[in-house]
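For reference, the structure is listed below as structure tokens.
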Amino acid sequence: MQKQRRDFLKITAAGAAGLALARADRAFAAWPSSGSLAVNPTISNMRVVACVDAKMLKTALTSMTFAAENTAVDSARVQANMDAMAMQLANETTADAAWKAIFRSSKPWASTKVAIKVNTIEPKNMARIAVVEKFCKIMAGFGVPGANIVIYDGNTTYGAGISNYTSYFSLTDTTKIQAVVSSYNTGMGGTTKANIPGGSSANCTADIANGVTDILINIANNKGHTLMGKATLSMKNHFGTFAPNHDNTYVFNINKSDAILGGTPVRQQLCFIDSIIANKASNTGTPEVAPCYLVMGVFGPAVDYLTVKKVREEVMGCTHDAATINSYMTTFGYATTDAVWVVVPPASGGTNADGGTGTGGAGGSGSAGGGGASGSGGTRTGGNSATGGAGTGGNSGPGGGNGGTSGSGGARTGGNSATGGSGSGGQVATGGNSATGGADNGGQIATGGSPGSGGIASGGAGGTTAGASSTSGGSPATGGTSARAGSAVSASGGSTGVAQTTGAPSGNSGGGCDIAGGGRKATGWGAMLAFGAVVAEKLRRLVSSDDRSS
Amino acid sequence: MQGRTMKTSLTVVCLFWGLGFLGCGSNTTSSTLDPTAFGEEFKLSSSDIQGWSQSTAVMSFWTGKGTELEIRIDGGNEPYVTRGCLVAMYQDLVGPDPQACEVVVMDFGTEAHANSMFTYEKQLRSASVPIAQYDTSAAIGSATLGGVSVYAYSKALYFEVQLTGYADQNAAVSVAAQFLRILESKAK
């Protein structure tokens, strides 16, 4: 958070004149040679939001064709999660306001051009239709005509996989997604030379290079690679905007270029990792795992760095070239500790009960909380309903496993970063940003969640004392930071616990703290709102000092 | 006694057959390093394995020299190229719905190079799924979503068989072994 403040101060101090000077000194780079560039004036470059939700897959994957994967994906759930992520990223209370904070255009929406970069080299792991469709819907909602929204992968050698998308899109068939699928760069003005930092140039998608595209949305997938520290994510996804050249410096440079970060507002406004399924080892071949993560932020290097650390390493068990991975951040002048990882619970955690009658989540049964002696995090147990996680606590590291899924009493046990103190489990992170861990007791209140996404009020308080394995949840929902009048507060206790799979060394007893008032009635929404406001503010302060990635 | 002898003989035969996959030769096994001819040599048809045929999807069949692999697999080509891939064939097949298979055959010129590629993939993927009738030093599988990916080599040839569409991994492994045997038999 301090870094966020620093960013803000930097930006403010730089001012328009400073920015102009910095730009005059650049060598075909939108990214300045010193200092930084705020991709979005209201969203820190360092803020990265993630959502993990196993229910984004309706069925277990067997067939790995693009069509079969898309059939298995719960589109509504994915898109609701994306709304929740946007609200968290932009710190807005409605999805509409959030997306409008994220996506900006200097032109009227009706004449704004939007490009969506997907990666089609491995048809078994491409951006799922639900994700692409969501962005098309957002743009359509703003008033961007379908003809102005182009999905592309311009690599002339391996971009043939884009044809997998064509049957889902149409400008004339209203039952399909209203957008254009570009064959290679044909729908993007062709290919042209674009300057990149260092004085060289490379073939580039023309509409990106020439500034025709106003908004560039970068949708990458989570895959391994032999280069780039053994991962390929949003930065390398621009192979297909720029011609491939497997040199790490080249990858960084194209991501500093005018083509990508130029424009006013900055062209590339969102980097998104569809990590519902993922390749551990390679950028091609059959995906090995389904982490069920979505990750996004406004700044690709931070998104990539934290996806590597938090998903690929902690969840998927991959190993990487640490020096190269660190250089994702340091090449852009940031420290690896600057990046901020925020996990939001899945949407649809609770139903929208009438005001004041939302029920708390089913009682979590936090069990098997154990010390994180090995430093490994809790297992991702926790069930679909009413089962708290079996995470292990930890003194300082991100602890334990996750709890149950939405609407139930899932609790994340184990401490969150630097919390989850001695002798007890950590916290609950329902509906909101993150909770702080407890020092001698079980979890405590999370901050509020997002309206319509998992129940507004969240955060069952409490948990039990150290190491307990309890079946009773915490206090009733208390209303979250974003609670809105008339919205229901429901299922607070346990929208999905957040997977945290690494624990701290020498853990403690890691209490199986749990949350969620087991079947309790929540208070009336008005009372909850009031109470929630107070609690949320306190917690926000707590959280704000604690949400930096370690 | 007779039964035991037969059992022992069978074991020995199987062992030799499996180890045979390792081969003793060290030279290029394909008759030519021309990508087209190489593809024709190893391309699987519907008569090779019942119920399987080439996919009609784009890029379902591709051949090229090792130096052209980037076209097919982007930066993923690097391990193959550095280990000496000379020529390659990729083929996507579809089997009984929803089963699908991607077959890769490469000629590395020497057994040592092919072995190096196999060992690399085995370690990279922590592959540990045994393939019936093959020694794990010559063929090994790695679990994937909906199936298995098998890596193998024989003489200078290197193989990958990626099967998906299986709820039962054992069934996938069994089919992968079939694919391997057929590919091996196609080597001239």
For this session: Starting from residues that are within 12 Å of chain A (Cβ to nearest Cβ) and over 16 Å from A:THR284 (Cα atoms), keep the ones in region B:57-70 and report whichever is modelled with the highest pLDDT.
Result: B:GLY64
Problem set entry | A:ASN245 surrounded by fewer than 24 Cβ atoms within 10 Å (Cβ to Cβ) and either within 12 Å of chain B (Cβ to nearest Cβ) or of a type in the set (Phe, Trp, Tyr) (or both) | yes
Problem set entry | Selection from region B:96-155 of residues that are within 14 Å of chain A (Cβ to nearest Cβ), assigned to a loop (DSSP other than H, G, I, E, B), of a type outside the set (Ser, Thr, Tyr) and closer than 15 Å to B:ASN170 by Cβ | B:GLN99, B:GLY146
Exercise. Would region B:63-84 turn up any residue that is assigned to a loop (DSSP other than H, G, I, E, B), within 18 Å of the chain's Cα centre (by Cα) and buried (at least 18 other Cβ atoms within 10 Å of the Cβ)?
Worked result: yes
Exercise. Taking the stated definitions as given, is A:ALA202 touching a helix residue (DSSP H, G or I) at 6+ places or on another chain (Cβ under 8 Å), surrounded by fewer than 24 Cβ atoms within 10 Å (Cβ to Cβ) and more than 13 Å from chain B (Cβ to nearest Cβ)?
Worked result: yes
For this session: Select from region A:293-329 the residues that are among the hydrophobic types (A, V, I, L, M, F, W, C), open to solvent by 10 Å² or more (accessible area, probe 1.4 Å) and outside any helix (DSSP H, G or I) and list them in ascending order.
Result: A:VAL315, A:MET316, A:CYS318
For this session: Go through region B:158-171 and give me each residue that's in contact (Cβ under 8 Å) with a residue 60 or more places away in the chain and either hydroxyl-bearing (Ser, Thr, Tyr) or more than 10 Å from chain A (Cβ to nearest Cβ) (or both).
Result: B:TYR158, B:VAL161, B:THR164, B:TYR166
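Each row is one residue, and each column tells you yes or no for (1) farther than 13 Å from A:GLY240 by Cβ; (2) at pLDDT below 95.
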residue	(1), (2)
A:TYR152	no, no
A:THR157	no, yes
A:ALA160	no, yes
A:ASN164	yes, yes
A:SER170	yes, no
A:ASP173	yes, no
A:ILE177	yes, no
A:GLY189	yes, no
Exercise. Can you tell me which residues in region A:267-280 are more than 14 Å from chain B (Cβ to nearest Cβ) and open to solvent by less than 10 Å² (accessible area, probe 1.4 Å)?
Worked result: A:GLN268, A:GLN269, A:LEU270, A:CYS271, A:PHE272, A:ILE273, A:ASP274
Exercise. Would you pick out the residues in region B:109-138 that are of a type outside the set (S, T, N, Q) and either touching a Phe, Trp or Tyr at 6+ places or on another chain (Cβ under 6 Å) or under 18 Å from A:GLY224 (Cβ atoms) (or both)?
Worked result: B:ALA114, B:MET117, B:PHE118, B:TYR120, B:GLU121, B:LYS122, B:LEU124, B:ARG125, B:ALA127, B:TYR134, B:ALA138
Exercise. A:ASN283 fails exactly one of the following numbered conditions: (1) among the polar types (S, T, N, Q); (2) within 11 Å of chain B (Cβ to nearest Cβ); (3) open to solvent by 10 Å² or more (accessible area, probe 1.4 Å). What is the number of that condition?
Worked result: (3)
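So that you can scan it fast, the table gives a plain yes or no per residue for (1) modelled with pLDDT under 95; (2) among the aromatic types (Phe, Trp, Tyr); (3) touching a helix residue (DSSP H, G or I) at 6+ places or on another chain (Cβ under 8 Å):
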residue	(1), (2), (3)
A:ILE273	no, no, yes
A:ALA281	yes, no, yes
A:GLY297	no, no, yes
A:ALA302	no, no, yes
A:GLY317	no, no, no
A:HIS320	no, no, yes
A:ALA323	no, no, no
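State which residue is surrounded by the fewest Cβ atoms within 10 Å (Cβ to Cβ) when the search covers only region A:161-174 and only residues that are among the small types (Gly, Ala, Ser) and part of a loop (DSSP other than H, G, I, E, B). Give the steps one after another, and end with the answer.
Residues of region A:161-174 that are among the small types (Gly, Ala, Ser), as a first pass: A:161, A:163, A:167, A:170.
From what's left, part of a loop (DSSP other than H, G, I, E, B): A:167, A:170.
Numbers: A:SER167: 12, A:SER170: 16.
So, considering only residues that are among the small types (Gly, Ala, Ser) and part of a loop (DSSP other than H, G, I, E, B), the one surrounded by the fewest Cβ atoms within 10 Å (Cβ to Cβ) is A:SER167.
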Exercise. B:VAL87: open to solvent by less than 20 Å² (accessible area, probe 1.4 Å), in contact with a strand residue (DSSP E or B) (Cβ under 7 Å, 6 or more places away or on another chain), under 30 Å from A:ASN248 (Cβ atoms) and touching a residue at least 12 places away in the same chain (Cβ under 8 Å), yes or no?
Worked result: yes
For this session: State all residues of region A:126-153 that are open to solvent by 10 Å² or more (accessible area, probe 1.4 Å) and either within 14 Å of another protein chain (Cβ to nearest Cβ) or assigned to a loop (DSSP other than H, G, I, E, B) (or both); if no residue qualifies, say none.
Result: A:GLY143, A:PRO145
Seminar exercise, completed: Over region A:286-298, the set of residues aliphatic (A, V, I, L, M) and within 11 Å of another protein chain (Cβ to nearest Cβ) is A:VAL289, A:ALA290
For this session: For region A:276-288, state whether one or more residues are among the hydroxyl-bearing types (Ser, Thr, Tyr), under 24 Å from A:THR226 (Cβ atoms) and not in a loop (DSSP other than H, G, I, E, B).
Result: no
Exercise. Which residues, counting only those in region A:175-198, are open to solvent by 50 Å² or more (accessible area, probe 1.4 Å), part of a loop (DSSP other than H, G, I, E, B) and touching a residue at least 12 places away in the same chain (Cβ under 8 Å)?
Worked result: A:GLN178, A:SER183, A:TYR184, A:GLY189, A:GLY198
Seminar exercise, completed: A:ALA231 meets each of (1) among the small types (Gly, Ala, Ser); (2) without any contact (Cβ under 8 Å) to a residue 60 or more places away in the chain; (3) open to solvent by less than 30 Å² (accessible area, probe 1.4 Å) with one exception, condition (2)
For this session: Out of the residues in region A:248-257 that are β-branched (Val, Ile, Thr) and either within 11 Å of chain B (Cβ to nearest Cβ) or surrounded by fewer than 20 Cβ atoms within 10 Å (Cβ to Cβ) (or both), state the one that is nearest to A:ASP207 (Cα to Cα).
Result: A:VAL251
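The values are calculated or read from the model by the stated rules, or taken from the named source; none is laboratory data. Here the structure is a predicted model, which means the values were calculated and not measured. Note that each Cβ is placed from the backbone with ideal geometry, even for glycine, and that neighbours are counted across all protein chains shown. Heads up: the accessible areas ignore ligands, DNA and RNA and are worked out on the full protein's heavy atoms, side chains in. Shrake-Rupley method; radii C 1.70, N 1.55, O 1.52, S 1.80 Å.
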